[in-house]
């Protein structure tokens, strides 16, 4: 496991990721992420992202992203941001990139943020929005016969929770694959893995920020943090085999969360779940999302590979899930849903 690695020197960064790190440092102006209030952190993330022109094949509306061609299958992306920040504005360029490269719909649920709202509300919202889109696909302009889940950072926890809940509640949702970008999949401990030690002071993520984000999301009671919904890394191999679809995991070499993604990939592979792990050398956390680092040649190649994988798995004849097949050209952002009673 990555918790006991051979020591290696700190990796270098490519020019685009250096630019991202320097921009964050300039915006923080001597502070750390954990020094910011949630409102300040959300503003900083907006500034880091900036506005980007969409893909030429995609147009933007107030309620969604519209692709200009063809019949569109469904990708369901759940955003990160430590459960504290992130929204449609921040992820427009990233979502448009996936739409443009695949030609598929991307539904983007805007779940309620912590600390104003806490676990497990967010995963219930993400699940309910997905169920609604799959059931009422004609109204949302997507095919509902199968779906690829996608989640970055804290969204990786939410995506895996949706996959687990689909099995635990016997919902039989047609989830055929999941893509986890720099996932946060262990809320039960911080600082134990080598990457968490190596990058305890950043860049981008730090030990204090992760600890504060976990507390904002779960509260001070640590019991919930050890469930497999909160920390999917704690699944047994049998649970992983039963609950997880085939998976693609992307990690950044200079990312605090690098070894969490690697450890989760090892768990899935040992459980017999088809799982590929890609590491972006000289890259930071969620470098695919940030405007400054998205132009990195490494990020560009990863986007090509991952979107190609999404298209490949969608072409398979999967015998799972609903029989809904609808044809339209629009992909709507999801809306927050009410909490489901357990």
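Values in this text are rule-based calculations from the coordinates and carry no lab data. All values derive from a computational prediction rather than experimental measurement. Positions of Cβ are generated from backbone atoms using ideal geometry, with glycine treated the same way; all protein chains shown enter the neighbour counts.
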| query | Quick one: if you take sqrt(5λ) for each eigenvalue of the C-alpha gyration tensor of the range 206-297, what semi-axes come out, biggest first, whole angstrom? | reply | 24, 21, 9
| remark: Most exposed first, judged by fewest Cβ atoms within 10 angstrom, 48, 72 run 48, 72
| note | 1/(1 + (r/R0)^6) with r = Cβ-Cβ of residue 117 and residue 266, R0 = 45 Å, i.e. FRET efficiency to nearest 0.05, evaluates to 0.90
| remark: Relative contact order as a percentage, the range 160-290, C-alpha pairs under 8 Å and 6+ apart, gives 33 percent
| Nearest 0.05, what FRET efficiency do residue 301 and residue 43 give at R0 = 45 Å with Cβ-Cβ as r? | 0.90
| request: Counting other beta carbons within 10 Å of each Cβ, put 169, 225 in order, fewest first. | output: 169, 225
| task | Could I have the simple spin-label model distance between residue 241 and residue 311, label points 7 Å from Cα toward Cβ, reported in nm to one decimal? | result | 3.5 nm
| task | Can you tell me which of 192-200, 252-260 comes out highest on packing, and rank the rest after it, using the mean Cβ neighbours within 10 Å? | result | 252-260, 192-200
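Which length gain, in nm to one decimal place, applies between residue 22 and residue 34 when the Cα-Cα distance is subtracted from 0.36 nm times their residue separation? Don't skip to the end; give the middle numbers.
Numbers: separation 12, 0.36 × 12 = 4.32 nm, distance 1.77 nm.
Result: 2.6 nm gained on full extension.
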| note | Most exposed first, judged by fewest Cβ atoms within 10 angstrom, 74, 234 run 234, 74
| query | What does the convex hull of the alpha-carbon atoms of the range 15-332 project to on average, in nm²? | reply | 14.5 nm²
| task | Give the peptides 147-158, 129-140 in descending order of average Cβ contacts within 10 Å, highest first. | result | 147-158, 129-140
| task | Decide, for the range 135-286, between rounded, prolate and oblate: order the square roots of the alpha carbon gyration tensor eigenvalues as a ≥ b ≥ c, take rounded if a/c falls under 1.5, and otherwise choose prolate if a/b is larger than b/c, else oblate. | result | prolate
| remark: Here the Kirkwood hydrodynamic radius of the range 93-160, Cα-based and in Å, equals 13.1 Å
